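What follows is a single structure, written as structure tokens, with notes after it.
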Amino acid sequence: MLGGLLGRRKSKGVLLGGLLGQAGTAARRRGTTNASEQRLKSAENKMGRLVQQVEDLEIELEEEIIEIDAKWMELGKNITTLSVGLEKTDVKVTQLVCAWIPVG
């Protein structure tokens, strides 16, 4: 307005360009917000899939552990204890070695 009083006039192009620039900025912000929302939704979906995969793997692991435990419990039933007496005649020295390791 002061420019109008002093003889300087803003051109219509400057005014129109300012309005369009503001509209473009608003559109970019809206586009950025939409893109951010899309990335957030994508990340949430990916996280949901990964959580489901972890849960599936935990269930699979638990089933395998149960199978392994059952197998070894069954094999453990067949173990028998055997006492072995240690007598002087049971031990036989086959080789005598002297090793020297320098220190320092």
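The values are calculated or read from the model by the stated rules, or taken from the named source; none is laboratory data. All values derive from a computational prediction rather than experimental measurement. We place every Cβ from the backbone using ideal geometry, glycine too, and count neighbours over all the protein chains shown. Areas reflect the complete protein model, heavy atoms only, side chains present, ligands, DNA and RNA absent. Shrake-Rupley method; radii C 1.70, N 1.55, O 1.52, S 1.80 Å.
See the values below:
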item: Those GluC sites (Glu not before Pro) in region 65-94 that DSSP places in a loop and that have at most 11 other beta carbons within 10 Å; result: E87
item: K88, K77, K41, reordered so the largest accessible area comes first (probe 1.4 Å); result: K88, K77, K41
